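Written below as structure tokens is the structure these notes are about.
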Amino acid sequence: MLKRHNKALLAGTAVLLTTLAGPALADYPEKPITIIVPWAAGGGTDATARTIAKAMEEQLGETVNVVNRTGGSGVVGHSAIARATPDGYTLGLVTGEINMMHWQGLTDLTYRDYTPIAQINYDYAGVQVAADGPFDDLKDLVKTVREQPKGTYNASGTGQGGVWHLAFAGFLMDQGMEPDRVTWIPSQGAAPAMTELAAGGIDIVPSSVPEGRSMIEAGRADSLAIMAPERLDSFPNVPTVQEAIGSDYQIGEWRGIAGPKGMDPEVVATLEDALKAAYNSDTYQGFMAKQGFGTEWRNAEDFAQLMADMDERFGKIVEQVGLAK
Amino acid sequence: MDAFLQGLALVFNFQTLLVIAAAAVFGVFVGAVPGLTATMAVALLVPITFYMDPTPAIAAIVTTSAMAIFAGDIPGTYLNIPGTPASAAYVGESHQLARQGRARETLGTNLICSMFGGLFGTLILVFVSPSLAEVALQFSSYEYFWLALLGLSCSIFISIGSKTKAFLSLLVGLLLSTVGLDMMSGAPRFTFGIPDLMAGVNFIPVMIGMFALNELMGFYGSRNEGRQVTAMHKDKVFTQVPRHLRRYWRNLLRGSSIGTLIGALPGAGADIAAWISYAMGKSRSKNRDAYGTGHIEGIVDASSANNSGISGAWVPALVFGIPGDSITAIVIGVLYMKGMNPGPTIFMEGGGLIYALFIVFFIANLIMLPIGYVAIRSAKVFILTPRKILMPIILCFCIVGAFAINNTITDVWIMLITGFGAFILARNDFPMAPAILGLVLGTTLENNFMSSMLKSNGDLLSFFSRPISAGLGIMVILIWLLPLLLRLYRHYRGTSRDHSARTP
């Protein structure tokens, strides 16, 4: 009896050991990979993730599944990525929110809880206004906002302390105004804010320009400027902030692929190579160009640096806006 | 035109058509087994649609709900047990007809009326919603606040039974909707340190719990398996239908119009549409005495009304994101998951998806004819399926479905807890629809209120400062005051009559 137990125990231990040693690199990947997306299916981030996943499949020869874990302004999904086993089979599409949420006391997670693999996209903030609204161009907008009393105008596009809120607050500070001179109306995202903009409930939506595409194309909204170093290929008529008012202010939302902290460097290297090829593939580049989304590549090392830089920058803005906890 | 062709291409492909056919069979089955409702069928379907493209996913939901509402008439006719609550209004009538040996004739008429009602509602959806969307583009947070409030008020006002219980049920839904990260303040509420709850209570598991688990428990609580088909006749299905339709075409049109309208009212679905149009038909009929003895007239009214209600409910769901009934409450969740955000912009974004949706509606109602015919011919199979075997299978679907949406065990717990809660509430005659509407619309209501307040610096009068907003506001207040006004009116009339009685 006892012997049989021992045998079972021994067999069990053996099985356990093999599973533990299982992911030992050499043949990585040998089973499907999951990419967790902290944002809803159908949105821009989700579409980006699905396209890069498809392109990665071609490189790795394994299925790459995209799973959406939405809600809580991205906290839910980002937590799920950080909590996953760092075996290289669960990755995530990490977005700029990871540089903002912890400053606001929403989560303890910071960029240090992830293993960066590569940055694949960067979308700059724009300045969208209603087509029949009071502003002709960015110069006019800045002037009017400066002259009118605080709180005359409002803006929307993300929740409180979301990326476009901070980007716009930073812009106002860059122009020498207080960050809350324009009242921020929290919204569930850029799409409902653009609808409100067209209905006349909101004055400014500082989301990325592609997010306002359908309203811009329907002639109900205009984009006055983009907070980027150069014009977008997909919106060549929208000037940069530099061209419009001579400021070199640039900001936006980055997206990249990362895994939980403590991934094997060899696995990271494999993924980095696969991602680079996927990033350069026609599948990915074609899709991003079609959508008007910005592409920007950073390898694991540079990506880590970017996260650190942006973290510091957003930390300052969060504090000045008065959202820091 | 281009978008329309794209829509055609999205629908007329092998996958979508296969999904429609499968969903039709599934819908008939769920509808025809007593105790399984159309809402439950859709709730169970959602996790499966999760893995589909948007068009087949929506096609599956549309077809299943339309078929289930028709098929609910089958056990109603043979067993005097409504297959879904939407058939309850005229179940007695159709069972009387079955006892006279006219079961198939009744079901044939039901089928044609259901199909007509569904197509009628679809036409309204196709022609009204795009122009309504043009208007809705002018809507700001003030208008959406009133619309949400209007929806919630309607769900209580139009509910059957105690209004107090409906109101309490609504409050349960509203309470659940406050869980999660508050968008306005950025502060988490009622999350108890569980990261999954930051996203709020996911309402698909709640729906599965409230409509599927609740009914499962109800079944084991009651035990009425001993069913027998008393009247099984082999009369012709369609022979008598033209005669009935010629005679009662007014009822057909009236039932369809009432059904579409009631379906479009938030919180009131196919079941209430059937009750109201049945009552309306009866009150305006020349043969009022024949009602209840196996008279087909009322069936024409009600069975066209419940199917047109299904289509009508999509109008506010698509245009405003405000569900017209509990099925479209689920649909809104699915639309969001598929990146088709309900609201006026859904009609602006190209890609032919909206046309695909319209085409799907037509196909779903047309496919009802052949599949419904087969279902009538083989009614016995559905009716005598032992529920003892079905229920455990459904329980598995409930659990897998709740898990599959977000791959998280938290949702399974939410499903189990709300299912248990709903069972207790339902046993005490609390209606479930207001709770669901509260959960779905609670966030809309709160966020639009908050952002209006932020925009106007806390000026409450701003809710009446825009013309449409003021109009909607007055409508809501009138609905609130209606019971009071009615009571005053009755009181006044009552006393004046007393008065006249007393004066010689």
Handout entry: Segment residue B:5-residue B:131, length gained on full extension (0.36 nm per residue, minus Cα span)
Key = 43.3 nm
Completion exercise
Checked the range B:398-504 with the C-alpha gyration tensor, a ≥ b ≥ c its square-rooted eigenvalues, rounded below a/c of 1.5, otherwise prolate if a/b is larger than b/c and oblate if not; verdict oblate
Exercise for the section: Calculate the spin-label point distance for residue A:276 paired with residue B:222, positioning each point 7 Å from the Cα along the beta-carbon direction, and give it in nanometres. Expected result: 6.7 nm
Practice task
Going by C-beta contacts inside 10 Å, put B:94, B:469, B:65, A:234 in order with the fewest on the left.
Solution key: A:234, B:469, B:94, B:65
Exercise for the section: Tell me which residues come under 5 Å, amide H to amide H, from residue A:135 once H is placed; ignore anything under 5 positions away on its chain. Expected result: none
Fill in the blank from the handout: Least to most buried among B:335, B:216, B:441, by other C-beta atoms within 10 Å and fewest first, runs B:216, B:335, B:441
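Summarise the partner chain shielding of A:190-199 as one whole number: the mean count of Cβ atoms from other chains within 10 Å of each residue's Cβ.
5
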Completion exercise
Fewest to most Cβ atoms within 10 Å: B:154, B:396 sort as B:396, B:154
Problem - Rg ratio (alpha-carbon, reference 2.2 N^0.38 Å) - chain A - result: 1.13
Handout entry: Sites residue A:30 and residue A:297, calculated FRET efficiency, Cβ-Cβ separation with R0 30 Å, nearest 0.05
Key = 0.65
Handout entry: Dipole of chain A [Lys/Arg +1, Asp/Glu -1 at C-beta], most positive-end residue of A:171, A:130, A:157
Key = A:157
Completion exercise
With a ≥ b ≥ c from the Cα gyration tensor eigenvalues, square-rooted, and the rule rounded for a/c under 1.5, otherwise prolate when a/b > b/c and oblate otherwise, chain B is rounded
Completion exercise
Once phi for every residue in the range B:467-473 is put through the Karplus expression 6.51 cos²θ - 1.76 cosθ + 1.60 (θ = phi - 60°), the whole-Hz ³J(HN,Hα) values, with Gly and Pro written as x, are x, 5, 4, 4, x, 4, x
Exercise for the section: Assign one of three labels to the range B:198-336, namely rounded, prolate or oblate, based on the Cα gyration tensor with a ≥ b ≥ c the square roots of its eigenvalues; rounded applies when a/c is under 1.5, prolate when it is not and a/b is larger than b/c, and oblate otherwise. Expected result: oblate
Practice task
Enumerate the calculated ³J(HN,Hα) couplings along the range B:285-293 in order (Karplus 6.51 cos²θ - 1.76 cosθ + 1.60, θ = phi - 60°), each rounded to whole Hz, writing x wherever the residue is Gly or Pro.
Solution key: 7, 7, 9, 4, 5, 6, 4, x, 10
Completion exercise
Given backbone amide H placed at 1.01 Å from N, residues whose amide H is under 5 Å from that of residue A:34, ignoring those fewer than 5 places away on the same chain, are A:65, A:90, A:91
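Size of the dipole of the protein assembly as shown about the Cα centre, Lys and Arg at +1 and Asp and Glu at -1 on the beta carbon, nothing else charged, in debye to 20? Could the numbers behind the result be given before it?
Numbers: 57 positive and 64 negative charges, 1067 e Å.
So the magnitude is around 5120 debye.
Compute, for chain B, the length of the dipole vector about the Cα centre, with Cβ point charges of +1 (Lys, Arg) and -1 (Asp, Glu) only. Units Debye, rounded to 20.
1980 debye
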Handout entry: Approximate spin-label separation residue A:85-residue B:289, in nm, with each point projected 7 Å along Cα-to-Cβ
Key = 7.9 nm
Handout entry: Anchor residue A:150: lysines whose Cα lies under 21 Å away (excluding residues fewer than 8 positions away in-chain)
Key = A:139, B:455
Exercise for the section: Any chance you could check the Cα centroid distance between the range B:194-224 and the range A:49-64 for me, in angstrom? Expected result: 36 Å
Exercise for the section: Name the residues whose placed amide hydrogens come within less than 5 Å of the amide hydrogen of residue B:189, ignoring near sequence neighbours (fewer than 5 apart) on the same chain. Expected result: B:180, B:181, B:182
Problem - Calculated FRET efficiency for the pair residue A:230/residue A:289, C-beta based, R₀ 22 Å, to 0.05 - result: 0.90
Exercise for the section: Enter the mean number of other protein chain beta carbons within 10 Å of the beta carbon of each residue in A:181-188, as an integer. Expected result: 4
Fill in the blank from the handout: Phi angles of the range B:157-164, converted by Karplus (6.51 cos²θ - 1.76 cosθ + 1.60, θ = phi - 60°) into ³J(HN,Hα) in whole Hz with x for Gly and Pro, give 4, 9, 5, 9, x, 5, 5, 4
Practice task
Report the full-extension gain for the segment residue B:481 to residue B:461: residue separation times 0.36 nm, less the Cα-Cα distance, to one decimal in nm.
Solution key: 5.2 nm
Fill in the blank from the handout: As a percent rounded to 5, the proportion of antiparallel DSSP bridges among beta bridges in the protein assembly as shown is 65 percent
Problem - Spacing of the two label points (7 Å from each Cα toward its C-beta) at residue A:247 and residue A:146, in nm - result: 1.0 nm
Handout entry: Centroid-to-centroid separation of the range A:133-197 and the range B:6-48 [C-alpha atoms, Å]
Key = 45 Å
Completion exercise
Length gained if residue B:380 through residue B:15 is fully extended, taking 0.36 nm per residue and subtracting the Cα-Cα distance, is 128.4 nm
Exercise for the section: Name the lysines eligible as straight-distance cross-link partners of residue A:276: C-alpha to C-alpha under 18 Å, and not fewer than 8 places from it in the same chain. Expected result: A:54
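So what is the calculated 222 nm ellipticity per residue for the protein assembly as shown, using -39500 (n - 2.57) for each DSSP H run with n of 4 or more, over all residues, to the nearest 500 deg cm²/dmol?
About -19500 deg cm²/dmol.
Each value in this text was obtained by applying a stated rule to the coordinates, not by laboratory testing. A quick note: this is a predicted structure, and the numbers were derived from the prediction, not measured. For neighbour counting, all protein chains shown are included, and Cβ atoms are generated from backbone atoms with ideal geometry for every residue, glycine included.
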